[in-house]
Amino acid sequence: MDLPRHRLRYRRESSRKGLIGEVAERSKALDWNSSNILTGIRGFESHPLRHRKPLTPMTADEAIAFVRKHGVVLSAAKGPVPNVSEAMAGGPVKGSWWSHPKGREIFRVLRSLSDSPDILVCRLVDGKITFVHRRLWPALVRVAHSFEPRQIAQVREEHTASGQHVAHDVAFPEWVPPEAKSLARELSEREALEALGEWTERVKAPGDRGNERSRGNKK
């Protein structure tokens, strides 16, 4: 049975409105998804990450500011404190940083930190190369007895006439400036450890470690 033309027109208009409504809903869903997971074209174009500028290389001043902010940082090793190499890379570095795309930049910045008069290079954290900012030197001096001599010796790198770099240790307290020694006397041991950071909670004085070994031998 054939339907009257006005009824066919009504059905077509209803179907068209339903289709438009469905498309509109799908478009809304696309916009919502794209703004959250970067799928779709419309949302991606308007998403802030679409227009984010690429990371610029860290300058020497920025690297020193990074060390100053955190106080104690590692050069490249993983540990309980921030890591300069990973900060420059923008995330974890797999393997050696030498093979990283930003390896040259990392080398340049680490060199500038080693040459800075405001940065102590030592093996303070887990025996790994560590940078300690000048602002924490008094705190380190105050609790120096809590660390092994090798941890608080300055690692100084010298440039030889042949162009090679030779590292040698400057024993504590030979590298400590007079003002750091003076300020250290004004700190309590607790204040000094808190200033150095939470990672020092696991630090024990060499004498304490020796006592533990002695107790272990008696068992």
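Taken together, the values in this text are just the output of simple stated rules run on the coordinates, not laboratory data. None of these values were measured; they are calculated from a predicted model. Because the Cβ atoms are built from the backbone with ideal geometry, glycine has one as well, and the counts that use them run over all protein chains shown.
Quick look at the values:
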item: Sorted by Cβ neighbour density within 10 Å, fewest at the top, the residues LEU124, LEU74, LEU193; result: LEU193, LEU74, LEU124
item: GLU191 paired with ARG156, simple spin-label distance in nm, labels 7 Å along Cα-to-beta-carbon; result: 3.0 nm
item: Cα-based Kirkwood hydrodynamic radius, the range 122-193, one decimal, Å; result: 13.0 Å
item: Gain upon complete extension [VAL170, LYS69; 0.36 nm per residue less C-alpha separation]; result: 33.8 nm
item: Gain in span if fully extended, ARG111 to VAL203, counting 0.36 nm per residue against the direct Cα distance; result: 30.3 nm
